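Chemist: Structure provided below as structure tokens; questions to follow.
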Amino acid sequence: MTEPLNTMPENEQPVLNISGLSTVYNLKIGQVKSVTDVSFELARGEILGLVGESGSGKSVTGLSIAGLITAPGRVVSGSVLLHGQELTTLSENALRAIRGNDISIIFQDPMTTLNPVLTIGQQFFEVIHAHRKCSYSQAMKEAETALIEVGIPAPRERLDNYPHELSGGMRQRVCIAISLINKPSVVIADEPTTALDVTIQSQILHMMQRLVRERDVAMIWVTHDLSVVAGFCDKLAVMYAGRIVEAGPVQQVLSNPAHPYTAGLMDSIPGDCLPGSRLEQIPGTQPSPLQLPSGCAFRTRCKYARNECAEKPPEVAVGSGRTAQCFFPLTEVQNVRRK
Amino acid sequence: MSDASEMTAELPVMPQDSPFVDVRHASRRFERRMSPVAAFLARLGLDYADEIVHAVDDVSLRIGKGSVLGLVGESGCGKSTLGRLIASLLPVSDGEVRIDGHRMASKAEPLSRRELLRTQMVFQNPMASLNPRQKIVDILTEGPIYHGLIKRRDKNEFAAALLLEVGLPPDILSRLPHQFSGGQRQRIGIARALSVSPDFLICDEPVAALDVSIQAQIINLLLDLKEKRALTILFISHDLGVVRHLCDQVAVMYLGRIVEMAPTEALFSNPVHPYTKALFEEIPRIRGGHREYQPIKGEIPSPLTPPPGCHFHPRCPRVIASCSSLAPPQSVVGDGHSVSCWLNVPADPTQRK
């Protein structure tokens with residue numbers, strides 16, 4: 001990190017700048033375009049919610065940014081700029097120095113992320129030692145402070161525990177503490193609260209909100225849960241079949257969605273409509289990634305689709321800082337009627 | 001536990017005349033016996049004992065015919081165990097479960113197969129609950145053929161009709177479970193449960209593993225089936241939004257006990273127990289706007305060593321003196337609305353903080 005943490009200049013360069021990122025998997029049965037032409041940027045202290053159904057490419061986007069795509073997958077085009085440095089062309093060794101240090105990832109299932117045969121303390125030491133010279137006892141001191149920050153009681157004893165001795169919420173907190181130990185500037189969180197209870201989820205959201213603010217970390221929060229995004233993120237990007245179909249500030253997008261898919265997702269969440277009534281559902285299922293429909297991939301399920309939708313949809317601006325990839329973005333009038 | 005004798009108020013009478021499902025003071029304990037060495041040491045006066053988990057602790061509830069009861073709680077609170085007790089997949093340690101007047105899982109008066117078939121279960125993970133080597137047609141017809149409900153030669157028509165009912169095309173009879181998406185598999189799981197024409201369905205987190213858009217489809221399907229087949233449903237879930245949408249009544253469970261039970265609207269508009277209130281605060285809301293999260297402190301305690309008195313008291317923001325000594329009795333606070341909390345027991349007001 002080059003700049004001091006607590007200053008926020010007016011026209012700050014984004015920490016992370018992604019443009020035209022595309023990732024494909026070359027399989028025997030054909031080419032799967034997991035991520036197509038994804039672009040966004042992220043500033044310090046900003047949380048981006050990356051939302052989509054399973055298979056929409058949201059996790060692959062996170063992995064592509066961290067350079068974790070392995071064969072048969074490949075990042076075919078686009079650039080990932082971290083503090084202006086291009087990551088997609090870096091060698092594996094140079095990437096290793098960045099991963100876990102300047103970019104870190106929190107995965108969905110902490111039990112598979114943590115090594116079951118190492119104590120929590122040893123796993124902290126591995127991550128610290130990989131990036132800077134540090135004695136074991138000094139690493140333990142740092143680890144203890146990190147565990148206190150994520151709200152784990154009796155941190156000294158926990159360092160000698162193995163992962164299976166901790167509860168699910170505790171394990172995820174350990175993962176978060178490990179991912180933040182080298183003071184990264186970008187954190188990619190891949191559905192970190194999906195496997196947890198609401199009460200634990202809200203503890204973790206509370207803690208992450210505080211840590212992001214205190215440390216000015218830029219964060220990508222990958223999730224399928226729009227309602228988490230609503231209270232937690234600053235920006236929102238909705239993915240469908242590998243593309244970002246709508247992006248913008250959270251409140252604006254959710255109060256007035258422009259893409260029919262975003263609107264459909266919101267309608268299928270129970271809560272606002274009359275209990276016991278049928279939920280508005282998006283008809284059909286996601287198309288197979290091997291045979292995406294031409295043009296707009298959502299058109300086979302979209303009730304507003306017309307013939308033009310078979311062409312590639314344009315990216316239109318639908319307000320300040322908002323875009324949608326759609327020929328016929330929903331207007332405010334339509335949204336009022338939709339409710 | 002012996003707290004059953006503390007029950008002062010009787011169960012609130014549900015609006016329905018006679019409950020279809022009647023669970024009376026049901027408990028389920030899981031024990032791990034001491035090793036012989038530990039048993040010997042225990043006799044010498046050392047601190048060893050059998051480990052007992054009170055997974056379900058003196059639970060009473062009633063479900064009226066044709067209504068949907070939602071059972072919510074954190075993982076580890078015993079909601080799935082209670083579901084299994086009601087389905088008589090597990091025997092109760094104490095108390096009894098009656099379904100339409102018949103006592104389940106009792107050695108004295110064993111039920112006929114026909115009676116047992118009336119209760120069916122839908123499980124959380126359809127990939128784990130469907131046999132990966134069985135064709136769809138066999139998954140759907142194995143039960144009814146075994147129990148003599150249909151003839152083997154009719155199985156194709158029977159399975160096709162079931163598939164249509166759950167919204168799947170009937171031409172998939174000879175496919176295998178892995179060829180379907182998660183939502184389709186869950187539909188197959190529901191179709192299998194319906195294949196023996198049950199009138200009581202126990203759904204154990206049927207939508208927890210699904211995407212939101214698919215969740216909506218399954219919820220709509222359950223609503224339709226409930227109407228069409230006049231099903232009574234016990235819906236186990238940790239998702240309060242889904243429960244609010246689907247259920248007529250909700251029971252909130254915490255560490256083996258039901259802490260609050262009420263008709264859905266009453267519960268959501270007026271939660272009484274501090275735990276229920278805290279749970280509702282923590283539902284992420286899509287139209288709530290940006291907000292600060294104020295979580296409940298701590299985690300659900302180990303069921304091996306539950307806190308004495310009210311299990312929730314170490315995390316409760318409104319704890320009073322009596323909370324840590326005795327389990328709170330059930331008190332009625334509204335029409336069909338009961339709660340187990342010392343704050344609602346008319347007692348000496350000076351005790352309160």
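The values are calculated or read from the model by the stated rules, or taken from the named source; none is laboratory data. A quick note: this is a predicted structure, and the numbers were derived from the prediction, not measured. Reconstructed Cβ throughout: ideal geometry from the backbone, glycine too, with neighbour counts over all protein chains shown. Just the protein is used for accessible areas: all its heavy atoms, side chains included, with ligands, DNA and RNA removed. Shrake-Rupley method; radii C 1.70, N 1.55, O 1.52, S 1.80 Å.
Chemist: At 25 °C and a viscosity of 0.890 mPa s, what translational diffusion coefficient does Stokes-Einstein give for chain A, taking Rh as the Kirkwood radius over Cα pairs? Give it in µm²/s as a whole number.
Modeler: Once the numbers are plugged in, D ends up at 115 µm²/s.
Chemist: Loop only per DSSP, at most 11 neighbouring Cβ atoms within 10 Å: give me the trypsin sites (Lys or Arg not before Pro) in segment B:146-255, ordered by residue number.
Modeler: Counting only loop positions with at most 11 other Cβ atoms within 10 Å, the trypsin sites (Lys or Arg not before Pro) in segment B:146-255 are B:151.
Chemist: At a probe of 1.4 Å, how much accessible area disappears from chains A and B on forming the pair, both sides counted, to the nearest 100 Å²?
Modeler: 3800
Chemist: Another question, then. Could you look at the protein assembly as shown and say what percent of its accessible area is carbon and sulfur, using a 1.4 Å probe and all protein chains?
Modeler: Carbon plus sulfur share of accessible area: 52 percent.
Chemist: Indicate the helices, whole DSSP H runs only, in chain B that combine a mean Kyte-Doolittle hydropathy of -1.0 or more with a Cα extent along their long axis of 24 angstrom or more.
Modeler: B:212-229
Chemist: Right, next: May I ask what percent, to the nearest 5, of DSSP beta bridges between residues of the protein assembly as shown are antiparallel?
Modeler: Looking only at bridges with both residues in the protein assembly as shown, the antiparallel portion is about 60 percent.
Chemist: Here's a follow-up. What is the sum of charges, Lys and Arg at +1 and Asp and Glu at -1, for the other residues whose Cβ falls under 10 Å from the Cβ of residue B:148?
Modeler: Neighbourhood net charge equals +3.
Chemist: Relative to the longest principal axis of the C-alpha atoms of chain A, give the angle of the C-alpha long axis of helix A:136-149, reported between 0 and 90° and rounded to the nearest 10°.
Modeler: 50
Chemist: List, in the order given, every pair from A:33/B:79; A:235/A:303; A:141/B:297; A:28/A:235 whose Cα-Cα distance in the structure shown is over 30 Å.
Modeler: Over 30 Å Cα-Cα: A:33/B:79; A:28/A:235.
Chemist: Still on this structure: Taking the Cα centre of the protein assembly as shown as the origin and placing charges on Cβ (Lys, Arg +1; Asp, Glu -1), which of B:309, A:196, A:232 is farthest toward the positive end of the dipole?
Modeler: Of the candidates, A:196 comes out farthest on the positive side.
Chemist: Let me ask you something else. Along Cα→Cβ, 7 Å out, is where each label goes; now give me the distance between the ones at residue A:335 and residue B:146 in nm to one decimal.
Modeler: Rounded to a tenth, the inter-label distance reads 5.3 nm.
Chemist: Which values of log₁₀ I(q)/I(0), to two decimal places, follow from the Debye formula for chain B at q = 0.08, 0.09, 0.12, 0.15 Å⁻¹ with a uniform point scatterer at every Cα?
Modeler: Here the Debye-derived log intensity ratios amount to -0.45, -0.56, -0.94, -1.32.
Chemist: Sticking with this structure for a sec: Take the Cα of residue B:302, step 7 Å along the line toward its Cβ, and report every residue of segment B:37-57 whose backbone nitrogen sits under 16 Å from that point.
Modeler: B:47-55
Chemist: With charges only on Cβ, +1 for K and R and -1 for D and E, what is the dipole size of segment A:112-182 about its Cα centre, in debye, rounded to 20?
Modeler: Dipole about the Cα centre, nearest 20: 140 debye.
Chemist: Percent antiparallel among DSSP beta bridges with both residues in segment B:157-261, to the nearest 5?
Modeler: Percentage antiparallel, nearest 5: 45.
Chemist: Here is a further query. Calculate I(q)/I(0) for segment A:11-146 by the Debye formula, one identical point scatterer on each C-alpha and no solvent, and give its log10 at q = 0.13, 0.19 Å⁻¹ to two decimals.
Modeler: Log-scaled intensity ratios, in q order: -0.70, -1.22.
Chemist: To continue, here is another question. When the Kirkwood hydrodynamic radius is evaluated over all pairs of different C-alpha atoms of segment B:218-340, what value in angstrom, to one decimal, is obtained?
Modeler: Taking every pair of different Cα atoms in segment B:218-340, averaging 1/r and inverting gives 16.2 Å.
Chemist: Between B:201, B:149, B:41, where does the largest GNM mean-square fluctuation fall for chain B, given springs only between Cα atoms within less than 10 Å?
Modeler: Taking springs between Cα atoms under 10 Å, the residue moving most is B:41.
Chemist: Now a separate question. Two-decimal Rg/Rh of segment A:112-182 from alpha-carbon positions, Kirkwood Rh?
Modeler: Taking Rg over the Kirkwood Rh, I get 0.92.
Chemist: Within chain B, what's the longest stretch lacking GluC sites (Glu not before Pro) that sit in DSSP loops with no more than 15 other Cβ atoms inside 10 Å?
Modeler: It works out to B:11-291.
Chemist: Quote the charge dipole size of chain B about the Cα centre in Debye, to the nearest 20; the model charges only the Cβ of Lys and Arg (+1) and of Asp and Glu (-1).
Modeler: Value, rounded to 20: 820 debye.
Chemist: I need the P(r) histogram for segment A:233-339: all alpha carbon pairs, bin width 10 Å from 0 out to the longest distance, whole percents.
Modeler: 14, 46, 33, 6
Chemist: For n ≥ 4 DSSP H runs only, could you compute -39500 (n - 2.57) per run for chain A, divide by its residues and tell me the 222 nm figure to the nearest 500?
Modeler: Helices in chain A give a 222 nm mean residue ellipticity of -9000 deg cm²/dmol.
Chemist: Among all the lysines, which ones have a C-alpha under 24 Å from residue B:135's C-alpha, if same-chain residues fewer than 8 places away are not counted?
Modeler: Candidates past the 8-residue exclusion: B:151, B:155.
Chemist: Of all the Cα-Cα pairs you can form in segment A:278-339, what percent are over 14 Å apart?
Modeler: For segment A:278-339, the fraction of Cα-Cα distances above 14 Å is 65 percent.
Chemist: Okay, moving on. In nm, give the distance between the simple-model label positions of residue B:52 and residue A:133, each being 7 Å from the Cα along the Cα-to-Cβ direction.
Modeler: For residue B:52 paired with residue A:133, the spin-label model returns 6.0 nm.
Chemist: Helix-only estimate, please: 222 nm mean residue ellipticity of chain B, summing -39500 (n - 2.57) across DSSP H runs of length 4 or more and dividing by its residues, to the nearest 500.
Modeler: -8000 deg cm²/dmol
Chemist: Roughly how compact is the protein assembly as shown, stated as its Cα Rg over 2.2 N^0.38 Å to two decimals?
Modeler: Cα Rg divided by the expected 2.2 N^0.38 Å: 1.02.
Chemist: Per residue, how large is the accessible surface of segment A:112-182? Use a 1.4 angstrom probe and give square angstrom.
Modeler: Result: 48 Å² of accessible area for each residue.
Chemist: While we're on this one: Classify segment B:154-239: rounded, prolate or oblate, from the alpha-carbon gyration tensor (a ≥ b ≥ c, eigenvalue square roots; a/c under 1.5 rounded; otherwise prolate if a/b is larger than b/c)?
Modeler: Since a/c reaches 1.5 but b/c is at least a/b, the shape of segment B:154-239 is classed as oblate.
Chemist: Helix A:120-129 against the longest principal axis of chain A: what's the angle in degrees, Cα atoms only, rounded to the nearest 10?
Modeler: Approximately 90 degrees, to the nearest ten.
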